[in-house]
2 protein chains.
Amino acid sequence: MTNPNRLLYELEGAQGQRFSPYVWRTKMLLAHLGIDYQSQGVGFTDIAQAAGGGFKTVPILCEAEVCVSDSWAIAETIIDKTDGALFGGPAGRSFARFLHDWSSLGMLGPILRLNAVTIWQDQAPKDQDYFRTSREKRFGKTLEELCPDPLADLKSLSRVMRPLDSALGGQPFFGGQAPVYADYLLFGNVQFARCTGPHDILSQNPSLEAWFERCLNLHGQLGRSEPSYTERHAQ
Amino acid sequence: MTNPNRLLYELEGAQGQRFSPYVWRTKMLLAHLGIDYQSQGVGFTDIAQAAGGGFKTVPILCEAEVCVSDSWAIAETIIDKTDGALFGGPAGRSFARFLHDWSSLGMLGPILRLNAVTIWQDQAPKDQDYFRTSREKRFGKTLEELCPDPLADLKSLSRVMRPLDSALGGQPFFGGQAPVYADYLLFGNVQFARCTGPHDILSQNPSLEAWFERCLNLHGQLGRSEPSYTERHAQ
């Protein structure tokens, strides 16, 4: 995975942890297609200067001096350039695009509130201020006030995810026997939870739980090679 | 559409209107596959005796004395019996199953609350009591109290549907150039709103609005052949 001509900028915490849900979508996609790249970790406050400047979010994928930001734009560019099949057909593409928007509010919002304090703790000092200030402004609360009742929030998040549990319907992946981009998109969300806090967000949804284990095993256990929050703090 | 050996039981109001979202999913599916049937309208209180008894919900589809209830079970049975393609592949099947569960709470709940009073008004007298009693028990409020601020509820419903608007992404249907079952499932939900109340639930989501017009035109304008609430009450 070290092609110096292809560079992936990814969010990096104080211990080198890679935790961005959007970056994980891209990393799984690149691994699936066997596209190698060099990884460049950046803290929250480095993003504005990364890849020549002008970007606000990661992932940023650069090749031959052309840089693309935004996980959806990267997915569209790469999947359309190959054979398009990784969406799982037009209906699978609709599903993925739906999930991109729906899960931003429905999953990533709640996960961020659950893990806001541990995410903050695990950033380099230069990034802690930025993270606290920007998130407290967005939510109108201190990080410590965001999740007064984690059990209630986990229960509510489990309910939000229940239709995903049903959707698997006995299939190993949302794409059927093999994963499609919708799998990688959702994997990125759950991996974000796994890497940033101690909560098991899947315990109420057994099909999703088994699916996530399968995803962690894909591509030489790429997802599992990133330590979970709990593993990192036990070391 | 009058094969006396295949019978579809569908919910019917006082003016003969067909308004069940679940039945519309099945009707569009049958029309897509060119499967003809005889229609049997039933009021809410007739369902328990329909098709020999034992069913609680419509649609009920009977053929050669075998009856299947539940729109999802019917879809699985029929689509798997044909070539399976109408799901749009395994990812499209996941999408449809996700929507089946997600849209029950996310779309049908809000539409029912918006139109509870007009649905009640448009039932035969024998069904009005049942509808009022069962729904008031479920929600713990009178039908008249369910939607004190329709504009606020429409705005909230529009927000819930926004990811669907994005998901079309320039495609004519969720299935791409042609509809798949996910299209018919969502069509059933919007047709339910169109047939039971005066509210335009799509005005804030222009891609969905154009998509719904395309769906109304499918299969010899099958969906449009059912008058909207507004058309029915202007007659």
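Details
- Residue list for segment A:84-121, restricted to those being in contact with a Cys (Cβ under 7 Å, 6 or more places away or on another chain) and either within 8 Å of chain B (Cβ to nearest Cβ) or not aliphatic (A, V, I, L, M) (or both): A:R113
- B:G170 meets the conditions (1) part of a loop (DSSP other than H, G, I, E, B); (2) under 22 Å from A:F95 (Cβ atoms); (3) away from chain A (no Cβ under 14 Å) in every case but one. The failed one is (3).
- Applying the condition of being in contact (Cβ under 8 Å) with a residue 60 or more places away in the chain and within 14 Å of the chain's Cα centre (by Cα) to segment B:97-114 and asking which residue is surrounded by the fewest Cβ atoms within 10 Å (Cβ to Cβ) yields B:L108.
- Scope segment B:177-192; condition within 10 Å of chain A (Cβ to nearest Cβ), small (G, A, S) and crowded, with 20+ Cβ neighbours inside 10 Å; matching residues: B:A182
- Lone unmet requirement of (1) surrounded by fewer than 18 Cβ atoms within 10 Å (Cβ to Cβ); (2) touching a residue at least 40 places away in the same chain (Cβ under 8 Å) for B:G169: (2)
- Which numbered condition B:A152 fails, given (1) more than 23 Å from B:T57 (Cβ to Cβ); (2) among the aliphatic types (A, V, I, L, M); (3) surrounded by 14 or more Cβ atoms within 10 Å (Cβ to Cβ): (3)
- Out of A:L168, A:L185, one residue alone is hydrophobic (A, V, I, L, M, F, W, C), within 16 Å of the chain's Cα centre (by Cα) and closer than 25 Å to A:A31 by Cα. It is A:L185.
- Taking the criterion of being of a type in the set (S, T, N, Q) and crowded, with 21+ Cβ neighbours inside 10 Å, the residues of segment A:115-134 that qualify are A:N115, A:Q123.
- Subset of segment B:191-217 (residues that are closer than 21 Å to B:H100 by Cα and touching a residue at least 60 places away in the same chain (Cβ under 8 Å)): B:Q191, B:F192, B:A193, B:C195, B:T196, B:I201, B:C215
Coordinate-derived values only; no laboratory data. Only a predicted model underlies this, so the values are computations on that prediction, with no experimental measurement involved. Note that we place each Cβ from the backbone using ideal geometry, even for glycine, and neighbour counts take in every protein chain shown.
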